[in-house]
Structures are given as structure tokens and as C-alpha cells.
Amino acid sequence: MNSVDVPAGQRRPGRGGGERTGSGSRQLLGPVRRRLYLGAGLSFVSSALGLLPYVAVAEIATSLLANGPTERSAVLWWVGAGVLGAAGRLGLLVLASLITHYADADLQRHLRAQLARHMAGVPLGWFAGRGSGELKKVMDDDIEDMHHLVAHALLDVAGALGLPLAAVVYLATVDISMTLVTIAILPLAAVAIRIAHRTMPARMAQLIGAQRKINNAAIEYVDGIQVIKTYGRSGHAYRRFSAAVDEFCDALAAWTAEAGRAMFASMALLSPASVLVVVLGAGTGFAAAGWLAPVDLLPFVLVGVGLPAPFMTLVQGTQLLRKASLAARHVSEVLAEPSLPAPTIARVPSVYDLRFTDVEFSYDGDNQVLRRISAHCPQGAITAVVGPSGSGKTTLTRLVPRFFDVTGGAISIGGVDVRDIPPAELLRLVAIVFQDVVLVRDTIRENLRLGRPDASDTAIEEAARAARIHDVIQSLPDGYDTVVTNRGGVLSGGERQRLTIARAILQDAPIVLLDEATAYVDPDNEIAVQQALAELTSGRTLLVVAHRLHTIARADQILVLDGGHIVERGTHDQLVERNGRYARMWSVQQTAVEAAR
């Protein structure tokens with residue numbers, strides 16, 4: 001047997017889909033829902049208590065205007081009730097706001113960590129067609145936009161219910177008919193506001209789409225500025241960025257105009273002046289008809305006029321809530337993207353040869369990139385993959401660590417399908433050095449330690465020496481403690497590449513994938529690096545993608561790809577003797593080398 005079975009633990013069963021999170025905000029708010037309900041409850045009570053000062057004034061005024069004697073104790077009681085109501089409202093509102101804002105901070109941290117974990121398991125194919133700006137939007141902008149939904153929305157709704165309900169109960173004890181007239185403006189205003197807001201969702205979606213485009217355009221423009229200026233394309237790139245800005249401005253102008261009209265309608269219908277006109281007009285009529293005592297009109301003037309205030313808060317937050325809801329939907333959609341399927345019963349290989357069996361792959365399901373690729377890479381042997389650009393070389397190597405899953409056939413390590421190997425174990429078995437250098441913003445020491453987190457400083461320096469980068473590191477002012485960024489900072493392109501080679505060496509994996517790993521290595525050190533790789537990959541399965549054929553002339557076997565097919569295979573000498581595709585590529589490169597001398 002070439003593998004052992006291990007328990008799947010908490011891995012998801014089957015191969016059919018990854019971790020999913022339901023769309024909308026309900027599932028996203030799960031970790032903090034209890035705290036939000038607590039905050040909403042406090043806000044409801046706070047809103048109801050806020051009515052007491054107005055009731056106190058109304059009752060004191062009614063008592064003073066009455067024909068009978070006014071009891072001092074009753075007045076003092078209402079004064080105390082009003083003061084306690086105001087203090088209670090303020091205290092509970094502050095407490096509720098603190099609870100929901102702390103909940104929002106915890107939820108932001110939770111969602112960002114969840115997104116980071118989830119996207120680490122999503123196939124790289126998901127990122128195709130999505131710029132850095134979109135990732136920045138979901139990880140940063142969308143979660144920030146959810147602030148109103150988490151920290152304010154429930155408080156506003158609870159506040160909009162507490163005060164009106166308490167007011168209706170109080171006013172109903174004074175006069176039922178006048179109470180119905182006073183609150184009649186609220187449903188009428190709700191209908192009018194709904195009509196005024198009917199196209200706002202479309203405007204908001206347009207604005208968010210324009211924001212996503214401007215994020216992508218800005219990041220692409222900044223990241224590519226060196227290449228853009230080198231080839232004199234700054235004008236073209238700036239026009240693309242400028243067009244994205246113009247589109248955003250147009251969308252913002254349209255949204256602002258419509259939001260302004262909706263807000264005007266809201267304020268006109270729910271303003272204290274509008275309510276006062278209704279209350280005084282109806283109250284005067286009721287009093288003239290003898291249906292209402294004039295002194296009883298005072299509570300409706302003092303209390304009824306304040307009824308629309310909580311609803312105005314809701315209306316003013318409508319756009320923020322709509323934006324927050326769209327952001328929550330986007331976050332949910334990203335979390336709902338399926339991860340690579342994990343095995344039901346995990347298997348770990350005990351030998352490390354690599355086999356491709358009738359492998360087929362398509363990025364979009366229609367256009368085949370690889371067609372029936374079959375090859376065996378013996379353990380400890382060097383297998384090189386060459387071919388013209390677009391032939392599928394890089395795709396083939398990225399299928400091994402499951403950056404994508406094959407759409408047909410299988411890839412196995414030691415007889416174990418890579419889909420049956422736990423993802424963490426698979427990445428431990430495979431060291432990867434791709435043409436695109438990836439460094440994190442940290443010290444050189446910690447960048448190397450990514451290959452093996454428990455590596456000692458001695459092991460790190462040995463790996464750096466093997467990759468011929470130790471002397472370069474030592475020449476830096478802070479040595480291995482020098483901080484580098486994704487662009488390398490103090491390191492040249494070749495030095496950054498050698499740093500990633502050292503990281504792969506430190507990982508000490510039984511399988512090594514090199515995709516144009518020497519593309520940026522300077523000629524002076526290229527032979528030394530090749531010798532170091534040859535020594536340190538002894539006994540390992542090595543799969544190398546190369547354009548410069550002289551770098552893989554000593555490979556144990558060479559696979560020649562064209563159009564997604566293997567068109568030739570053999571050693572360098574065998575392929576040159578056949579005078580086929582490889583021989584022509586070799587001849588062209590040798591001619592170019594001779595011409596350059």
C-alpha cells in the first residue's frame with residue numbers, strides 16, 4: 001500500500017461543494033444577534049421613557065389651567081417623573097448604543113477572519129475576472145458599510161416603536177377620536193415616502209457598481225504604473241481611470257438628486273410643523289363642536305407633535321440601511337462560494353511519485369486548456385514541462401496542489417488521488433516556486449519561515465546559502481531582520497526570486513514545483529542556483545516549467561505541450577535527435593544565444 005487512511009475529523013463530507021453561508025444579513029448577524037436584541041430592548045424602553053418629560057409638562061399645564069386648586073405634591077411628582085424619564089432615556093440609550101457598537105466591532109473582526117479563511121479555500125478560478133478592488137471592497141468597504149445595519153438599525157426601529165406606542169396609550173386615555181386623528185398622518189406619510197423611494201434600490205445598486213469599478217481602476221493604475229510609463233501608455237491608463245471616476249460621479253449625482261427628493265418629501269410630511277397644523281386644526285374643530293375640552297388639546301400639542309421624530313430617524317437612515325443590506329448580501333454571496341471539496345476519508349501517501357492520468361481541465365467549462373494529459377513523474381526524478389505560451393504548462397502545475405480541480409481524469413501522488421489528501425497535508429507535501437514572486441510585508445527571516453514556521457535561524461540561513469541569497473541578505477543593514485514588501489523593497493527581482501527558492505528549500509517537501517523559477521535570476525548566479533537546486537532536490541519529485549531550455553537540459557524527462565496536448569516526451573538528447581517541436585525550439589534559442597555574443 002502506498003497510502004494510509006486518517007480520520008476526516010471535522011472536514012465536510014463528500015466532494016460536492018464547500019462551506020456555504022446563507023444570503024442576506026440574518027446568518028451574518030448570528031454571532032452578535034443576542035446583543036443586538038438586548039440593545040433593541042433597551043432602546044425600546046429608552047424611547048418610551050423619553051415620553052415622560054412631555055407627559056409631565058402636559059399634565060402640569062393641564063393641572064395649572066384647570067379651574068380647581070392645584071396640588072403641589074402632584075406637580076412635584078410629575079416634575080420628578082419627567083426628570084427620571086429624561087435621565088433614564090439618556091442612560092439606556094447610551095448603554096444600548098455601547099452594546100451594539102461593541103457588537104459591530106466584534107462582528108467586523110469575525111467576518112474579516114471568516115472571509116480570509118473562506119477565500120483561502122476557494123479555487124483560484126473564483127478570482128479570475130475579479131480585480132484587487134473587488135476583494136478590497138468585500139473585506140473592507142462592505143463590512144464597514146454594514147456598520148449602520150449592526151450598530152444603528154435595530155436601535156432606530158425599536159426607538160420608532162417605543163415612543164409612538166407609549167404616546168398612543170397615553171393620548172388614548174385623554175381622547176380616542178383625537179388620538180386617531182393625530183396618528184393618521186403616519187400611514188399617509190409612509191405611503192408617500194414609499195412612492196418617493198421606489199427607484200432608490202436601483203440607484204443604490206448603480207452607485208455600488210460604480211464604486212467597485214473605481215476601486216479596481218485605481219488599484220490597477222497604481223500597481224501597473226511602472227509598466228504603463230515604460231511603454232508610454234499613461235494617457236490610456238489614465239483615461240480608463242478617469243472614465244471610472246466619471247461613471248461614479250454620474251451615479252452619485254443621480255443618487256443624490258433622487259435621495260434629495262425623497263428626503264424633502266419625508267421632511268415635509270413628518271415635520272413638527274405639519275403635525276402641528278393637523279393637530280391644531282382638528283383639535284380646534286373638535287373643541288368648537290364640543291367633542292373635546294380645550295384644556296385636553298394641550299397633551300396632543302405637546303406629545304403628538306413629537307410622534308414623527310423617531311420615524312424621521314428611520315427615514316434618514318434608509319439609504320444607509322439599504323447600502324448596508326446590499327453590502328451584507330455581497331459578503332454572503334462571497335461566503336456562499338463553494339470551497340474545494342474535502343475528502344470523506346482522508347488518505348496520505350507514503351511514496352511521492354506524481355502521475356497524471358487522462359487529465360483534462362477547463363476554466364470556464366467550454367474551452368479545454370488541457371486534453372487527456374497522461375504522464376508519470378518518478379520519485380526523485382526531474383520532469384520538465386516546456387512549450388509555447390498558452391500551451392497549459394502553468395495550469396498543469398497548479399492542478400497538483402489543487403489550486404483548481406481537474407475537470408476530467410485524475411492526478412495522484414504515490415497512488416493517492418490528490419482530492420483524497422487533506423488540503424493542509426497536500427500543501428505540506430508540495431513546495432511551490434512560481435514566476436510571480438509573493439512576499440509578505442515582514443522581515444526576510446519571517447518570509448523564509450513561511451515555508452516552515454518552526455524552522456530555526458540556523459536552518460533558515462542554510463536554506464538561504466543553498467539558494468545563493470545569504471550573502472545578499474547579510475549585506476543589508478538589518479540582515480535577516482530587514483523588512484520587505486510584496487514588491488520586494490530593497491531586493492531586486494532576481495534576489496526576490498531566490499528568496500522564494502530558499503523558502504521552498506526550507507520547506508523540505510518531497511515534491512517541488514518550479515514554474516519559471518529562474519526567470520529573474522541574473523546570469524552570474526543562474527548556474528550556482530541550478531546546482532543548489534539539483535543538490536537539494538535530490539530524492540524529491542521535481543516538476544519544472546521552463547522557457548529557457550538550457551536550464552532543463554539535464555532533466556530526466558521533458559514533456560512538450562502544445563494546445564493542451566503532450567506532443568513529445570523524452571530526454572533532451574532524445575528530443576533533439578528526433579528533430580521535432582522541441583528540437584526546433586532548442587535551435588531557435590541557441591541561435592539567439594549565439595547572436596547575442
*Return yes when E19 is modelled with pLDDT of 65 or more and either in a helix (DSSP H, G or I) or under 30 Å from R419 (Cα atoms) (or both) and no when it is not.*
no
*Determine the pairs where a residue that is without any contact (Cβ under 8 Å) to a residue 24 or more places away in the chain and farther than 12 Å from Q507 by Cα, located within the range 455-476, has a partner that is assigned to a helix (DSSP H, G or I) and among the small types (G, A, S) with Cβ atoms under 7 Å apart, the partner being 6 or more residues away or on another chain.*
H470/A464
*Could you check, for the range 562-575, whether at least one of its residues is at pLDDT below 85 and under 14 Å from P388 (Cα atoms)?*
no
*Please state which of the following conditions Q368 fails to meet, knowing it meets all the rest: (1) farther than 30 Å from R496 by Cα; (2) out of contact with any strand residue (DSSP E or B) (no Cβ under 8 Å at 6 or more places or on another chain).*
(2)
*Output yes when any residue across the range 395-406 is in contact with a Gly (Cβ under 6 Å, 6 or more places away or on another chain), among the hydroxyl-bearing types (S, T, Y) and either modelled with pLDDT of 90 or more or open to solvent by less than 40 Å² (accessible area, probe 1.4 Å) (or both), and no when none is.*
no
*Starting from the range 165-193, take each residue that is part of a helix (DSSP H, G or I) and list its partners that are of a type in the set (S, T, Y), counting only C-beta distances under 6 angstrom and pairs at least six apart or across chains.*
L171/T179; A172/T179; I193/S266
*Which one is modelled with the lowest pLDDT, of the residues in the range 384-394 that are surrounded by fewer than 21 Cβ atoms within 10 Å (Cβ to Cβ) and at negative phi?*
S389
*Of all residues in the range 273-294, count the ones that are open to solvent by less than 50 Å² (accessible area, probe 1.4 Å) and assigned to a helix (DSSP H, G or I).*
9
_Matching residues in the range 338-373 - criterion: being out of contact with any helix residue (DSSP H, G or I) (no Cβ under 9 Å at 6 or more places or on another chain) and of a type in the set (G, A, S)_ = S350, S362, G365
*asked:* Yes or no: the range 47-64 includes at least one residue that is exposed (fewer than 13 other Cβ atoms within 10 Å of the Cβ) and either modelled with pLDDT of 85 or more or hydrophobic (A, V, I, L, M, F, W, C) (or both).
replied: yes
*Within the range 138-182, track down each residue that is surrounded by fewer than 16 Cβ atoms within 10 Å (Cβ to Cβ) and over 23 Å from the mean Cα position of the chain (by Cα).*
L165, V169, A172, T173, I176, S177, L180
*Can you pull out the helices (runs of 4 or more DSSP H) entirely within the range 427-489 that have at least 3 residues that are under 27 Å from the mean Cα position of the chain (by Cα)?*
444-449
_Just the residues that are in contact with a helix residue (DSSP H, G or I) (Cβ under 8 Å, 6 or more places away or on another chain) and open to solvent by less than 40 Å² (accessible area, probe 1.4 Å), please, taken from the range 75-90._
V75, A81, G82, G85, G88
*Single match in L491, L536, L476 (criterion: of a type in the set (A, V, I, L, M, F, W, C) and modelled with pLDDT of 85 or more)*: L476
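The values are calculated or read from the model by the stated rules, or taken from the named source; none is laboratory data. Quantities reported herein were computed from a predicted structural model and do not represent experimental measurements. As a convention, Cβ positions derive from the backbone with ideal geometry for all residues, glycine included, and neighbour counts pool all protein chains shown. Quick note on the areas: whole protein, heavy atoms, side chains included, nothing else; ligands and nucleic acids left out. Shrake-Rupley method; radii C 1.70, N 1.55, O 1.52, S 1.80 Å.
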